[in-house]
1. Through the Karplus equation 6.51 cos²θ - 1.76 cosθ + 1.60, θ set to phi - 60°, convert the phi angles of region 410-417 into ³J(HN,Hα) values in whole Hz; use x for Gly and Pro.
2. If you average the C-alpha positions of region 243-262 and of region 335-386 separately, how far apart do those two centres end up, in angstrom?
3. Note down the nm distance, to one decimal, between modelled labels 7 Å out along Cα→Cβ at GLU203 and at ALA416.
4. If you roll a 1.4 Å probe over the heavy atoms of the protein chains, what accessible area per residue do you get for region 269-355, in Å²?
5. Apply the a/c threshold of 1.5 to the C-alpha gyration tensor of region 218-318 and tell me whether it is rounded, prolate or oblate.
6. Going toward the positive end of the dipole of region 142-221, with +1 on Lys and Arg Cβ and -1 on Asp and Glu Cβ, which of ALA163, GLY219, ALA207 do you reach last?
7. Would you mind checking which residues have amide H under 5 Å from MET388's amide H? H placed 1.01 Å from N; only 5 or more apart, or other chain.
8. What shape does the chain have by the C-alpha gyration tensor, where a ≥ b ≥ c are the square roots of the eigenvalues, rounded means a/c under 1.5, and otherwise prolate means a/b greater than b/c and oblate the rest?
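The values are calculated or read from the model by the stated rules, or taken from the named source; none is laboratory data. All figures in this text were calculated on a predicted structure; none of them were measured in a lab. Methodologically, a virtual Cβ is constructed for each residue, glycine included, from the backbone with ideal geometry; neighbour enumeration extends over all protein chains shown. These accessible areas exclude ligands, DNA and RNA; they are computed on the full protein's heavy atoms, side chains included. Shrake-Rupley method; radii C 1.70, N 1.55, O 1.52, S 1.80 Å.
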Amino acid sequence: MNLFTAAIVSLIRGQLAGLASPPEIPEGLVERPPDAAMGDYAFPCFVLAKALRKAPPAIAQQLAAALAAEVAAHPLLRSVEAAGPYLNFRVDPAEMARRTLPAILDGSYFRRNAEAPREPPREKVMVEYSQPNTHKAFHVGHMRNVALGDALVRIFRYNGIEAIAVNYIGDVGTHIARCLWYIRHRAGEPPTETQARGEWLGEQYTAATALLENAPEAGRAAYDREISAVLQQLEAREGEAAELWQETRQWSLDTFEEIYGWLDAHFDHVFYESEMDRPGKEIVAEGLERGVFVRSAGAVGIDLEPEQLGFLLVLKGDGTTLYATKDLALARIKFERFGIGRSIYVVGAEQTLHFKQVFKTLERLGFPQAERSVHLPYGLVMLPEGKMSSRAGNVILFSRLRREMRAYLLTHYLEAHRGDWTDEEIEETARRIAVAAIRYGMAKQDPAKSIVFNLEDWLQTEGDTGTYLCYTYTRICGVQRHVTEPPRPGADFSLLGQPTEQALIRELHDFNRTVARAEANLRPNMVAGALFQICKEFSRTYETSPVKQAPTPELRDARLALFAATGQLLKEGLALLGITPPERM
Ligand code: ARG
């Protein structure tokens, strides 16, 4: 909770107390004026128009006059002013600093959201993200999902919500049968290095597809028979193809492990598509018995036409399940086995219809948690030259991404420290910055919009990049190394009179509010935006407010505390996006 916005809301509520049925004034209504020169917080009077039967600007005038004395005497606030339909408030900056900086320095600030009382009470949430398919290569596009899902988990936890991070790996399906078929009949030797081997599997799948597409009709029919034999062995989990599946599946899982390790992404549980076959069939049997599913030309499905969602197939003529069937089983298992109250699926926007169908089918099956299941869709990752496609051969695979980012970072920033720093520190710094650049670049965009990935742009220390945020953090660490003494939480913050300093304090103070909003809206990009803003305000303060050369020791202490708190908040804030900044770069 934000003390200052809470104070504003309580003053306004006080003014309405005389009304027969006063309107609700949630704290979230308080906004920030577009320009800090107008005030620190703004209250929109539109929401009172109905209850007070007046135009919003007239309400603003009336309330400004009515509240003036109370605000002036308030320990946290300074002034109130009407500006069109808004009431603009100014806070006491020294009070804001006193209520914020020591709490950041002692860490209690970062527990405030989790400790705040909440109505309705918090319940356990599951976040499913990443969900790569085995036998296919992991590329830069897959990073967006990880950045988004992992950040959501961390944001939930920061707000005191127990979040279970899960993965759902696609380890069955025709794409795998094709890949294995190709390996058995035509491929050469696989490489031994983890990433190379995983990517090699992806290449075999692509080669298989090309071979099938270009085959003459008769040849194609023969191939299809062979593939279908492979698929049967896979479904039955026996025979040579099943053994090859076990072995190659593990190769892919090893590549994913390494990627998650590099990224610092963690899962509490991993589901596999291959586990959902049997429970999926059980759901089909149950739905048939209860008349929710119907037989149609040897197959089984559900008519979702009344909801304009088409006809959803849940069992094929040959008795095998589909992607959707497995999702019906998975959705149930999540709630039943993990006792969660909400289930979030971070999956690309192209699967929106699929999830509507799945959730609607669950509802028809009488599964009450269907409405507690949420698809969080996100847009594409593009390249400056357009869409990525394995056909066009312009997909940036993980191994290349990692290699090229490292090379760039070494050449442009880190090679200069060779000899001075250990090789381990150079490597670890390069990894942290690369991860910051990728994660921040992916997380800062609104999920609904597409992203253009540009490796060099994302590695610049200026502009809205993860690299810039890391750089800002290292500048703060640099100041602290220079000053040597620790920051004093008891410094005299009333000395921080520069507008730059006060703007920075306000951003720090508001950060928790932003994290709460990011959670309510499932939008990690709001956290990214707040961190960027903090870095910009810090960069301005860095110019106006030297620490070591401060005119008095008291002012130096106050500034040092402000800088140290900014560094601490950046560190904790970046951690919400899965980023660990280096101490120097
Ligand atoms: N592996 C799937 C794919 O690559 C995504 C799985 C999404 N999650 C789910 N529960 N269906 O398309």
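1. Per residue, the Karplus-derived 3J(HN,Hα) values read 5, 4, 8, 10, 9, 4, 4, 8 Hz.
2. What the calculation gives is 25 Å, centre to centre.
3. 3.8 nm
4. Working: 3940 Å² over 87 residues.
Spelled out: the 1.4 Å probe surface of region 269-355, per residue, equals 45 Å².
5. oblate
6. Farthest towards the positive end: ALA163.
7. Close amide H contacts, sequence-distant or interchain: LEU383.
8. Working: a/c = 2.84, a/b = 1.53, b/c = 1.86.
Cα axes put the chain in the oblate bin.
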